[in-house]
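Only the coordinates and a few stated rules stand behind these numbers; no lab work does. Please read these numbers as outputs of a predicted model, since none were measured by experiment. Methodologically, a virtual Cβ is constructed for each residue, glycine included, from the backbone with ideal geometry; neighbour enumeration extends over all protein chains shown.
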Amino acid sequence: MVTWEALETQCRQCRNCPLSETRRNVVFGVGNRQADVLFIGEGPGEQEDLRGEPFVGPAGQLLDVMLSVIDLDRSRVYIANIVKCRPPRNRDPLNLEQDACIGYLRAQTALIKPKIIVCLGRIAAMRIIDPKFRITKQHGLWFDKAGVQITALYHPSALLRDPSKRPETFVDLKGIQEKIKHLCPDSLFRPF
Ligand code: URA
């Protein structure tokens, strides 16, 4: 299996798709490489592209609040995206771009071996759970894939645009907290 160092080096030099031509930084991922919970977003926005770190803009600030609601923070989870380079004007990443990039996320997932994966938004859920995933109907439901428990939340950007979705997301977050208690009782207290 590839090492973290080799994977990160390869990813930072990647030229597999046209997003590499317009990116300022590759946004590889951050957090705890031994985390039980992996959060997967869609792709970097402007702030992330500038800083090389996922979820550091307004959506990221809301993600931090969402994590704190269930006693988590960035040091206890890993956060990555479907695509590692910013799509121009924050458009949805194209299938071609996702296909070119998904191998990095697969390798990250194999190294982390999370028990729980949380997809942030429709794009991640369609890629990770089911191409026909309907975020409005299926957020908060749980899916088992090869023994990993997977769910999806509304994307924090969607919650910024439409605060009326927040109560449902609070319920979904509590569901994640319960799942963590069952599957990884040590994780909240593990000294990382
Ligand atoms: N939105 C995402 O999906 N990922 C980020 O890293 C930032 C915003």
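A few remarks follow.
- Each Lys and Arg Cβ is given +1 and each Asp and Glu Cβ -1; about its Cα centre, segment 60-179 then shows a dipole of about 220 debye.
- Lysine pair count for segment 41-192 (Cα-Cα distance under 24 Å; residues 8 or more apart in sequence or on different chains): 25.
- Alpha-carbon centroid distance for the pair segment 79-93 / segment 54-73, whole angstrom: 18 Å
- Centre separation in Å (Cα based) which lies between segment 145-180 and segment 114-130: 11 Å
- Ordering 67-77, 119-129, 83-93 by mean Cβ neighbour count within 10 Å, with the highest value first, yields 119-129, 83-93, 67-77.
- Between Asn95, Asn16, Asn81, the residue with the greatest mean-square fluctuation in the GNM of the chain (Cα pairs under 10 Å linked by springs) is Asn95.
- Adding -39500 (n - 2.57) for every DSSP H run of four residues or longer, then dividing by how many residues the chain holds, sets the calculated 222 nm ellipticity at -12500 deg cm²/dmol.
- Coil-residue trypsin sites (Lys or Arg not before Pro) of segment 128-170, DSSP, other Cβ within 10 Å capped at 10: Lys132
- Three-way shape label, segment 33-192, alpha-carbon gyration tensor, a/c 1.5: rounded
- Shape category assigned to segment 1-102 from the gyration tensor of Cα positions, a/c cut at 1.5: oblate
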